[in-house]
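K.L.:
Here it is, the structure in full.
Derivation of every value follows stated rules applied to the coordinates shown; laboratory data play no part. All values reported here derive from a predicted model rather than from experimental measurement. Here the Cβ positions follow ideal geometry from the backbone for every residue, glycine too, while neighbour counts run over all protein chains shown.
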Amino acid sequence: MDPYKSLKEEAYEANIEIPRRNLAIYTWGNVSAFDPDRAVFAIKPSGVSYENLSVETMVIVDMAGAPVDSKLKPSSDTETHRVLYRDFPGIRGITHTHSVYAVAWAQARRPVPVYGTTHADHGAEEIPCTPIMSEEAVQRNYELETGNLIVETFRSQKKDPAAMPMVLVAGHGPFAWGSTPAQSVYHAAVLEEVCKMAHLTLALKPDAEPLPPHIIRKHWERKHGKNAYYGQR
Ligand SMILES: [Zn+2]
């Protein structure tokens, strides 16, 4: 009996959500599932297409970055996932994709302003975009430094990863996380939709204004505030 079976199942189910939600083609995306008690995570194997994935192909990696029990190589983005689990306590799943509208904003190196309530329901502030990575950092350890760049962006902008579960990495694309692997895919899908809506808003009105703070607050708090009343309780 595989001691990591349920963690691998969670990772597998979340990974196959990526093509289902049209968030990536070929192998352009990956999800991991973290078990903080055992300090390991399950992640998509590198270069394996979604139709060839199975629960058994998920790779277990420890928090030192070493694969635990697999013949397959983990995703090339594994070090980015590891840094985020290390530095953003409480997150249990991470999704990285190359979804088109989120990538477009990342390539434009633009944070996404809160133009509407779809955005405000999931984050009461703009979605941050990291700076472009330095040449030294790329040469040092590209994937690990991608994680550091995200963490540093949140620190310098005083953002709480629990309240803003998504980011754009400049010139690259989106990363999203959540309290479960499934929730991290959900946030990646939300991010793509919000980026698409923001793009269309600017196409219709290049000087469109962000939503006023009182509406942002209302939408955020009815879903996440202490007196939240959205959904079935
Ligand atoms: Zn990527």
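K.L.:
What fraction, in whole percent, of alpha-carbon pairs in segment 58-185 exceed 27 Å separation?
P.N.:
Working: 1291 of 8128 pairs.
Of all Cα-Cα distances in segment 58-185, 16 percent exceed 27 Å.
K.L.:
Can you give me the orientation-averaged projected area of the convex hull built on the Cα atoms of segment 151-206, in nm²? List each step's numbers first, then the result.
P.N.:
Values: hull surface 18.7 nm².
Averaged projected area of segment 151-206's Cα convex hull equals 4.7 nm².
K.L.:
For the chain, what does the convex hull of the Cα positions come to per residue, in cubic angstrom?
P.N.:
Working: hull volume 32.3 nm³, N = 233.
Hull volume over Cα atoms, normalised by residue count, gives 139 Å³.
K.L.:
Would you work out the relative contact order for segment 1-101, in percent, from Cα pairs under 8 angstrom that are 6 or more residues apart? Intermediate values should be presented prior to the final figure.
P.N.:
On the way: 167 pairs, mean separation 30.9, N = 101.
Relative contact order for segment 1-101 comes out at 31 percent.
K.L.:
Report the calculated FRET efficiency for Ser46 and Val100 (r = Cβ-Cβ distance, R0 = 30 Å), to the nearest 0.05.
P.N.:
Given R0 = 30 Å and the Cβ-Cβ separation, E is 0.85.
K.L.:
Would you work out the charge dipole size for segment 1-147 about its Cα centre, treating the Cβ of every Lys and Arg as +1 and the Cβ of every Asp and Glu as -1, and quote it to the nearest 20 debye?
P.N.:
Details: 14 positive and 21 negative charges, 45 e Å.
That gives segment 1-147 a dipole magnitude of about 220 debye.
K.L.:
Who wins for biggest fluctuation among Val55, Val138, Val190 in a Gaussian network model of the chain, springs between alpha carbons below 10 Å?
P.N.:
Taking springs between Cα atoms under 10 Å, the residue moving most is Val138.
K.L.:
Related question: If neighbour count is taken as other Cβ atoms inside 10 Å, put Lys159, Lys73, Lys8, Lys44 in order from fewest to most.
P.N.:
Values: Lys159 17, Lys73 13, Lys8 22, Lys44 29.
The most exposed by this proxy come first: Lys73, Lys159, Lys8, Lys44.
K.L.:
Roughly how compact is segment 86-161, stated as its Cα Rg over 2.2 N^0.38 Å to two decimals? Spell out each step's value before the answer.
P.N.:
Working: Rg = 13.5 Å, N = 76, 2.2 N^0.38 = 11.4 Å.
Computed over Cα atoms of segment 86-161, the ratio equals 1.19.
K.L.:
Within the chain, which whole H helices from DSSP have a Cα span along their axis of at least 27 Å and a mean Kyte-Doolittle hydropathy of 1.6 or more, if any? Please report the intermediate quantities before stating the final value.
P.N.:
Details: long enough: 181-204 (35 Å, 0.67).
What comes out of the filter, once short or polar helices are dropped, is none.
K.L.:
Would you mind ranking Arg20, Arg92, Arg222 by Cβ crowding within 10 Å, fewest neighbours first? All intermediate terms of the calculation are to be shown ahead of the outcome.
P.N.:
Details: Arg20 10, Arg92 20, Arg222 16.
Exposure proxy ranking, most exposed first: Arg20, Arg222, Arg92.
K.L.:
Another question, if that's okay. When the chain is modelled as a GNM with alpha-carbon springs shorter than 10 Å, which of Trp220, Trp105, Trp177 fluctuates the most?
P.N.:
Per the Cα network of the chain with a 10 Å cutoff, Trp220 tops the list.
K.L.:
I want to check a number: in the chain, how many lysine pairs have alpha carbons closer than 27 Å, given a sequence separation of 8 or more or different chains?
P.N.:
Total qualifying Lys-Lys pairs in the chain comes to 22.
K.L.:
Counting helices only, and only those DSSP H runs with n ≥ 4, report the 222 nm mean residue ellipticity of the chain as the sum of -39,500 (n - 2.57) divided by its residues, in deg cm²/dmol to the nearest 500.
P.N.:
Details: 7 runs with 97 residues, N = 233.
My calculation for the chain gives -13500 deg cm²/dmol from helical runs alone.
K.L.:
Evaluate the charge dipole of segment 84-233 about its Cα centre and quote only its size in Debye, nearest 20, assuming +1 on the Cβ of each Lys and Arg and -1 on the Cβ of each Asp and Glu. Mind dumping the intermediate values first?
P.N.:
On the way: 16 positive and 15 negative charges, 119 e Å.
My answer is approximately 560 debye.
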